[in-house]
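Read the structure below first, then the notes.
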Amino acid sequence: MSKQLTAPDIQALKGREKIVAVTAYDYATGCIADAAEPDLVLVGDSLGMVVMGLPDTLGVTMEDMLHHCRCTARAVRHALLVGDMPFLSYHAGVEQAVLNAGRFLKEGNTRAVKLEGGRAVLPQVRGIVASGIPVVGHIGLTPQHVAGFGGFKAQGKTAEAARILLEDARALADAGCFALTLEAMPREVAARITEAVPVPTIGIGAGPDTDGQVLVFHDLLGLFDRFVPKFVKQYAQLFGPAVEAVRAYAEEVRRGAFPGPEQTTGMDPKELERLTD
Ligand code: KIV
């Protein structure tokens, strides 16, 4: 397997090949994701929903993220590992943003961070980039703004809203983001942004014209069936087979069929004799 990809490697893919990104949250999901050789693995704050069972990402803390980043980093050897900065870990100012972004590299073992927002977070992006930490921007449906948006709603649907997204994207690229996530917006808006910025765009629910795509691990594998966004394609439906496997185990335990001879170790007969003496 080739060397681990860096932020400049990802940036250099724009216009050359489509970027493949996927989320992962721990050692097991990191091993599966990395074995498929995506370019980028994101420890997303979507872990709030798919791992922690929260209704949204707002309750995810820095400690949650760092714990999951560390676990995932032990597995990921090929892709660039990016850590998602959680709600309120960068909003209070540049100093807070730089210190918390630094923790992702020092304690979470990621090699870049992602944060949500447009021009409102430019000072934070500039400060983090100036500290030598690569940043992925994220605009469109930014789930940390779910309360303000009034739900998980696609963005950029009017000409005015699309113009704002375009200007946000340009400003984030100028501020030093090496890539931009475009979430849940009309394909035409994502295509215009992709043309307008010199850095790669990685879409989720933003159509086929972005420079790359990202999907949530549990969505892609059909492991999370409580909420499946319209833009998700399930490449497998593993929730049902997983339940069936656990059910089969429970049934065998109940009728005494598990563990069987193959899963059972007997004692050396001489030792057994000594034991019964
Ligand atoms: O948290 C996450 O998984 C994300 C991706 C959906 C882009 O931000």
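Can you pull the percent of Cα pairs in region 182-277 with separation above 19 Å?
Cα-Cα pairs in region 182-277 separated by more than 19 Å: 65 percent.
When all protein chains stay in place, what accessible area (Å², nearest 10, 1.4 Å probe) is found for K233?
120
When the helix-only estimate is applied to the chain (DSSP H runs of n ≥ 4, each -39,500 (n - 2.57), divided by the residue count), what is the mean residue ellipticity at 222 nm, nearest 500 deg cm²/dmol? Write down the numbers at each step before the final one.
Values: 12 runs with 111 residues, N = 277.
Estimated from H runs of four or more residues: -11500 deg cm²/dmol.
For the chain, what value does the Rg/Rh ratio take when both radii are computed over Cα atoms and Rh is the Kirkwood radius, given to two decimals?
1.11
Using only the alpha-carbon atoms, how far is helix 187-196 inclined from the longest principal axis of the chain? Give it as 0 to 90 degrees, nearest 10.
On a 0 to 90 degree scale, this one is about 70.
If you count only protein heavy atoms with a 1.4 Å probe, what accessible area per residue comes out for the chain, rounded to a whole Å²?
For the chain, the solvent-accessible area averages 51 Å² per residue.
If you roll a 1.4 Å probe over the chain with all protein chains in place, what percent of the accessible area is carbon or sulfur? Provide the component values of the computation, followed by the final result.
Details: 7980 of 14040 Å².
On the chain, the fraction of accessible area on carbon and sulfur atoms equals 57 percent.
Only bridges whose two residues both fall in the chain count here: according to DSSP, what percent of them are antiparallel, nearest 5?
Roughly 5 percent of the DSSP beta bridges within the chain come out antiparallel.
Protein chains only, probe 1.4 Å: how do F239, F227, F149, F178 rank by accessible area, largest first?
Correct descending sequence by accessible area is F227, F239, F149, F178.
Mind pulling the angle between the C-alpha long axis of helix 239-254 and the longest principal axis of the chain? Nearest 10 degrees, somewhere in 0 to 90.
On a 0 to 90 degree scale, this one is about 20.
Pairs of lysine in the chain with Cα under 21 Å and at least 8 positions apart or on different chains: total?
11
So, with +1 on the Cβ of K and R and -1 on the Cβ of D and E, and no other charges, what is the size of the charge dipole of the chain about its Cα centre, to the nearest 20 debye?
For this selection, approximately 640 debye.
Could you tell me the extents of region 1-147's C-alpha atoms along the three principal axes, largest first, rounded to whole Å?
Cα extents, longest axis first: 41, 34, 28 Å.
The values are calculated or read from the model by the stated rules, or taken from the named source; none is laboratory data. Quick caveat: nothing in here was measured; it's all calculated off a predicted structure. As a convention, Cβ positions derive from the backbone with ideal geometry for all residues, glycine included, and neighbour counts pool all protein chains shown. Just the protein is used for accessible areas: all its heavy atoms, side chains included, with ligands, DNA and RNA removed. Shrake-Rupley method; radii C 1.70, N 1.55, O 1.52, S 1.80 Å.
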